[in-house]
Amino acid sequence: MEAEQALKQYAAGRRDFSWIDLSKANLKQANLSGATLYQANLSQANLAGADLSQANLNHANLVAANLRGSNLRGTKLSKADLSGAQLQGTDLTGANLKGANLKNADLSGANLFQTKLPQAYLAEAILLETNIEAAELTEAVLTGATMPDGTNYDLWQMSRSSQKKSSPANQATKLGGKPSNRAKNPPRVKVYTPNQTPTKTPPSASNHDRQRPRVTERRQLSNEEFWECLPLPSLFLLFLGYMFFGLLLTAKTSFWLFWALAWVGSISWVFNQSLTWLTPVSGAVAVLLAVIISLPSQGLMMLMVGLGGLTLVSITALKVLGLGVLSTVKDALWLVGLVIVAFVLAAWFFWGSPITWPLILGLFLAMASAGLGSIAGLQMDADGFSERQIFWIFGSMTALGLLVAWLIGRLFF
């Protein structure tokens with residue numbers, strides 16, 4: 001998608017631009033406030049002076065991007081790749097850069113007031129005259145970085161250590177006196193000391209736009225944080241959507257393979273997060289296959305040939321538009337998935353009877369609920385849940401929905 005087209009769609013009210021490819025795009029002074037650019041490719045893009053406040057750029061690729069003087073207040077940049085990015089004079093007040101890769105990034109004169117940078121990788125970054133007051137740098141890696149006073153990280157750390165030793169609070173403690181309030185409440189800025197540097201380091205800069213390194217392991221959530229951060233409304237919608245899918249499968253077939261297909265499709269995002277869209281589609285495809293087995297052999301052959309031809313035409317057309325191979329395949333499968341759903345609805349409406357019409361409503365409810373609930377995985381990822389926790393919670397909710405539908409079918413159908 002071209003930059004002008006994206007800005008026109010934003011002006012028309014669109015806000016979700018997840019996985020969009022705008023590498024090397026000119027978005028200077030652009031207004032994308034509040035937009036969702038999850039895992040977007042903005043490498044080497046010109047975003048100087050752009051307004052990206054409150055935007056969602058989690059996992060985005062911003063390698064060597066120009067963000068000079070941009071507004072990133074409250075922006076979500078968790079695990080974003082900003083290696084080599086130009087962030088001079090950027091306002092990052094209150095932004096969340098947890099686990100972000102900022103190696104070799106230039107943050108000269110930037111405002112990092114109350115910015116969250118836990119587990120961020122700031123090796124060899126330039127922080128000259130940067131405001132890091134109240135910034136959260138817990139477990140951040142600053143090896144070789146140029147600090148706000150112009151010294152490198154090692155000298156800056158030594159200076160801070162010597163100041164602590166010679167501070168009146170420490171002297172009073174040694175003499176048996178009471179420490180001051182400042183000593184009781186130490187600064188919130190915490191960084192890695194040289195002997196705490198993680199053993200895992202990211203690959204060379206030449207590989208950054210192909211692979212985003214995992215800088216550090218996530219801190220395990222406490223029990224209280226775990227329950228507080230659970231996106232219960234989204235998880236309930238996810239459960240509801242797969243319960244509807246299960247009810248449709250119960251009405252059409254009891255063959256276990258279709259149930260397994262629906263569940264496996266719901267967790268396909270484990271292989272690639274861009275496959276999250278399969279969550280609402282996989283159940284519909286499973287229902288379609290349950291319908292197909294009841295078709296005559298001639299009709300089944302015509303359907304399979306038609307879908308195969310449509311897939312080939314879609315991939316060819318999308319490739320002509322200049323999209324990448326992976327993006328082309330994903331978009332083509334999405335288009336074919338929509339056609340599949342349309343076929344199911346047409347089959348039930350035109351070739352069915354009034355008895356099948358409630359199934360049309362059921363499919364709409366299933367896809368809508370599962371689609372809205374599928375964001376639960378992204379929400380948990382942004383809140384710091386581990387990949388294993390996200391998998392078990394997400395997979396358990398979809399499996400529970402199918403199980404409840406199966407029990408309802410056994411009792412009433």
- Query: If the limit is 24 Å between Cα atoms, which of K24/K79; K28/K98; K79/K103 go over it?
  - Reply: K28/K98
- Item | Ranked by how many other beta carbons lie within 10 Å on average, peptides 370-382, 55-67 from highest | 55-67, 370-382
- Expected unfolding gain across L257-F236 under the 0.36 nm per residue rule, minus the alpha-carbon gap, is 5.1 nm
- Please give the length that would be gained between W227 and D16 if that part of the chain were fully extended, namely 0.36 nm times their separation in residues minus their C-alpha to C-alpha distance (nm, one decimal). 73.2 nm
- Query: Between S396 and Q29, what FRET efficiency comes out of the Förster formula 1/(1 + (r/R0)^6) with R0 = 56 Å and r the beta carbon distance, rounded to 0.05?
  - Reply: 0.75
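What is the calculated FRET efficiency for R160 to L372, with r their C-beta to C-beta distance and R₀ = 35 Å, to the nearest 0.05?
Here the calculated transfer efficiency is 0.15.
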- Using the Cβ atoms and a cut-off under 12 Å, what net charge is assigned to the surroundings of Y38, where Lys and Arg are +1 and Asp and Glu are -1? +1
- Item | L361/F412 FRET efficiency (R0 25 Å; Cβ-Cβ; nearest 0.05) | 0.90
- Message: For a quick check: with amide H placed at 1.01 Å from N, whose amide H comes under 5 Å from N31's, ignoring anything fewer than 5 positions away on the same chain?
- Response: D51
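Quick note: the coordinates plus some simple rules give every number you see, no bench work behind them. Since the structure is predicted, the reported quantities are computational estimates derived from the model, not experimental observations. Cβ coordinates were reconstructed from backbone atoms using ideal geometry, including for glycine residues, and neighbour counts include every protein chain displayed.
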